[in-house]
């Protein structure tokens with residue numbers, strides 16, 4: 001019961017319930033301290049080009065996006081036509097665009113690097129890598145260096161493709177599923193999941209609900225908001241108009257910021273689950289930071305997403 005909790009326990013739990021900008025800034029700082037320590041101590045531990053190095057770079061990309069969202073959450077100050085009159089305006093639209101890319105990065109990390117089956121993990125990584133390099137083949141090469149690089153990557157693509165089609169999962173597909181899979185792959189699709197001996201294309205929405213099973217119902221609303229904020233549809237224009245009519249921009253900005261913080265906590269946990277070296281650093285963090293990351297992941301994703309056994313009950317002051 002809340003009245004039996006000490007001050008430190010109440011503070012940790014408040015990060016799940018307090019929507020204020022000040023509390024979100026505090027949460028960002030605590031998560032940032034943990035992440036930067038992990039990034040700094042691991043340094044160049046993973047050789048460039050390895051699966052582990054890709055994982056580390058994707059972790060850093062997703063993690064640091066929250067810092068950009070935090071800056072935008074302050075809004076921007078501008079003067080009106082009347083001298084010395086200042087207004088602060090919040091614009092959640094660019095915030096949601098960043099959060100969407102952050103979410104998709106988190107989904108990719110969880111889907112690829114936390115897969116327990118090695119055959120599947122290798123396949124998902126190669127599909128992701130193939131899709132990215134294949135997209136870059138469409139870029140114009142205009143000088144000697146870029147022409148050479150494009151040729152090298154074309155050879156890499158061929159090697160990755162051969163690795164993909166020789167993977168036992170792919171060779172065991174029936175003809176219909178295999179042809180559908182290869183057709184989607186050549187069109188830039190990489191988000192496949194093995195289900196009932198078939199490779200099925202899955203959306204980022206599905207990836208997210210796989211990674212955060214407790215937030216399934218909330219996510220549909222959030223993803224729709226991200227999509228409307230990112231694409232210039234007529235509905236997004238109506239939403240933009242109505243948001244300022246209702247003076248709702250600050251609230252929506254805070255909502256985007258809070259969700260970005262959650263993703264920051266999620267990717268921290270997942271990177272530590274992937275990397276034994278990162279987990280060692282995590283276990284050396286101040287107890288408060290460990291319990292905070294455990295609490296956010298347990299509360300929003302499920303009990304199995306704690307990294308260790310530390311809980312708010314271990315806070316004694």
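According to a simple spin-label model (label point 7 Å from Cα along Cα-to-Cβ), what is the distance in nm between residue 133 and residue 22?
The answer from the label model is 5.3 nm.
Work out, step by step, the length gained on full extension between residue 162 and residue 201: first 0.36 nm times the residue separation, then minus their alpha carbon distance; give nm to one decimal.
Contour length minus the Cα-Cα distance gives 12.0 nm.
Quote the FRET efficiency, to the nearest 0.05, computed for residue 143 versus residue 44 with a Förster distance R0 of 30 Å and r equal to the Cβ-Cβ distance.
Values: r = 29 Å, r/R0 = 0.98.
Efficiency computed from Cβ-Cβ geometry: 0.55.
Based on a Kirkwood Rh over C-alpha pairs, give the Stokes-Einstein translational diffusion coefficient of the stretch 2-314 at 37 °C and viscosity 0.692 mPa s in µm²/s.
For the chosen part, D equals 151 µm²/s.
Can you figure out the FRET efficiency of residue 61 with residue 189, using R₀ = 22 Å and their beta-carbon distance, to the nearest 0.05?
For residue 61 and residue 189, the calculated efficiency is 0.55.
If each residue of separation counts as 0.36 nm, what is the full-extension length gain between residue 36 and residue 74 once their alpha-carbon separation is subtracted? Kindly include the intermediate steps, with their values, before the conclusion.
Details: separation 38, 0.36 × 38 = 13.68 nm, distance 2.25 nm.
Extending this stretch completely gives an extra 11.4 nm.
Can you tell me, using C-alpha contacts under 8 Å and at least 6 residues apart, the relative contact order of the stretch 2-314 as a whole percent?
For the stretch 2-314, the relative contact order is 28 percent.
In Å and whole numbers, how far do the C-alpha atoms of the stretch 42-161 stretch along each principal axis, longest first?
Sorted from largest, the Cα extents of the stretch 42-161 read 65, 42, 26 Å.
Along the Cα→Cβ direction, 7 angstrom out, place labels at residue 118 and residue 308. What is the inter-label distance in nm?
Taking the simple label geometry, residue 118 and residue 308 are separated by 2.9 nm.
Of 95, 264, 226, which is the most mobile in a GNM of the chain whose springs link Cα atoms less than 10 angstrom apart?
Ranking 95, 264, 226 by mean-square fluctuation puts 226 first.
Rule-based calculations on the coordinates, nothing more; no lab input. Owing to the predicted nature of the structure, the values given are computational and were not obtained by experimental measurement. Cβ: placed from backbone, ideal geometry, glycine included. Neighbour counts: every protein chain shown.
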